Amino acid sequence: MAELKIETSEATEIIDISKQINAAIPASFSNGICHLFCPHTSAAITVTEKMDPDVKHDILAKLDKLIPNRESYYLHDGGNSAAHIKAMLVGSSLSIPIKNGNLDLGPWQGVCLCEFDGPRARKVKVICQKLEE
Amino acid sequence: MAELKIETSEATEIIDISKQINAAIPASFSNGICHLFCPHTSAAITVTEKMDPDVKHDILAKLDKLIPNRESYYLHDGGNSAAHIKAMLVGSSLSIPIKNGNLDLGPWQGVCLCEFDGPRARKVKVICQKLEE
Amino acid sequence: MAELKIETSEATEIIDISKQINAAIPASFSNGICHLFCPHTSAAITVTEKMDPDVKHDILAKLDKLIPNRESYYLHDGGNSAAHIKAMLVGSSLSIPIKNGNLDLGPWQGVCLCEFDGPRARKVKVICQKLEE
């Protein structure tokens, strides 16, 4: 198992970490499956469009509209209920095929860390399994 | 690994693909786990109610209300930011138990492809692992 | 494979089931991966903040605001479209690392069953895989 470290720099941010994940896949794993886990409750991992930064903007803007930082009915003292709700909806676990030693993503896809309560030091756990040929 | 091909016919659509997945599970895999991955950024995979088409209608209608195609603050040129946001929230990866050679789903559940920017030709990747008995 | 049984007691409820899952991990699985599957269409599983009950309140309150039980455009006879939509967005499948025989969660994380149409008897399927050392 590998553990990636990602330093985020904004309060909310979507960061493509596909390259770090590919670098963590052992060279001997030609074909297999890569399990990714985000051990945080106010950050998440997802697969989304990697090419156009405007897509990341639009995702974060829509999430902020649906789940604003303040609501009259929030009870949690920490003030980051919105971050927890966003992280839960985006998700903490992914399982992605490995092909020829790299994530077998679609041409537009990147695996992204979603920061919802930053900036912070975040981690992503990477577990790779070989498939029987 | 198998790759399913699904031709969608609507702009937004939920299609039960459980039968195609079951057909892709090797006959020798009595018990195991089936990993599914959707390699698109404007389509997704999920598990939901397969019996009543009205549930699919209600899901798509609610998602359209929450995440309409046009918002004053969307920046992405492609015009399909809503499809990307919906796909990210629904998700691209599932891991489902295999029992007696088929997906071990609940009685109401179907594995569904969610088209959010169709019609298009879509794929779903299927990786099955045997469990040690 | 193990199957957890959880009796929910509210219409909507978030229940930390991490202890039951840890108890279902075989003692021989020092390091590995734990696949969890929720075989229901109106309940879901997720990883979220386990410490403060107010976070669970805020999550459920926000989901109710975004996806209320009644909408003029819902067609489904069962009256529980909201529960299906919430369950689909929260998700039915998780894959979590196992370390030293337990779920390798972050310090704030708990694996939670999300009831959206209770009270009911719910199940969660648990499949553990050893990793090659």
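A short reminder: the numbers here are calculations on the coordinates, not readings from a lab. Computed from a prediction, not measured in an experiment: that's the story for all the values here. When we count neighbours, we look across all protein chains shown, and the Cβ atoms used for this are built from the backbone with ideal geometry, even at glycine.
Rounded to the nearest 10 degrees, the angle from helix C:53-66 to the longest Cα principal axis of chain C is 40 degrees.
So how strong a dipole does the stretch C:2-130 carry about its Cα centre when Lys and Arg Cβ are +1 and Asp and Glu Cβ are -1, to the nearest 20 debye? Kindly include the intermediate steps, with their values, before the conclusion.
Values: 14 positive and 15 negative charges, 92 e Å.
Dipole magnitude for the stretch C:2-130 comes out near 440 debye.
In peptide B:25-33, what is the residue-averaged number of other protein chain Cβ atoms found within 10 Å of each Cβ?
Values: counts 0, 0, 0, 0, 0, 0, 2, 3, 10.
Partner Cβ neighbours, averaged per residue: 2.
Between copies, B:K99 shows label-point distances of 3.2, 3.2 nm, shortest first, with the point placed 7 angstrom from Cα along Cα to C-beta. Across the identical copies, the 7 Å label point of C:P119, projected outward along Cα→Cβ, sits 4.9, 4.9 nm from its counterparts, in ascending order. In the assembly of identical copies, A:A23 has its label point, taken 7 Å from Cα in the direction of the beta carbon, separated from the corresponding points by 4.3, 4.3 nm (ascending, one decimal).
What's the angle, to the nearest 10 degrees (0 to 90), between helix C:81-90's Cα axis and the longest principal axis of chain C? The angle comes out at about 30 degrees. Reported to the nearest whole Å, the Cα centre-to-centre distance from the stretch B:85-130 to the stretch A:108-133 is 20.
Within the straight-line cut-off of under 12 Å between alpha carbons, the aspartates and glutamates reachable from A:K65 are B:E71, sequence neighbours fewer than 8 places apart in one chain being disregarded.
Here the stretch A:14-75 and the stretch B:36-63 have alpha carbon centers that stand 21 Å from each other. Each Cα pair under 8 Å and six or more residues apart adds its sequence gap; the mean of these over the residue count of chain C is a relative contact order of 54 percent. Can you work out the FRET efficiency for the pair C:K130 and B:N69, with r the C-beta to C-beta distance and R0 = 56 Å, to the nearest 0.05? After rounding to 0.05, the efficiency reads 0.75.
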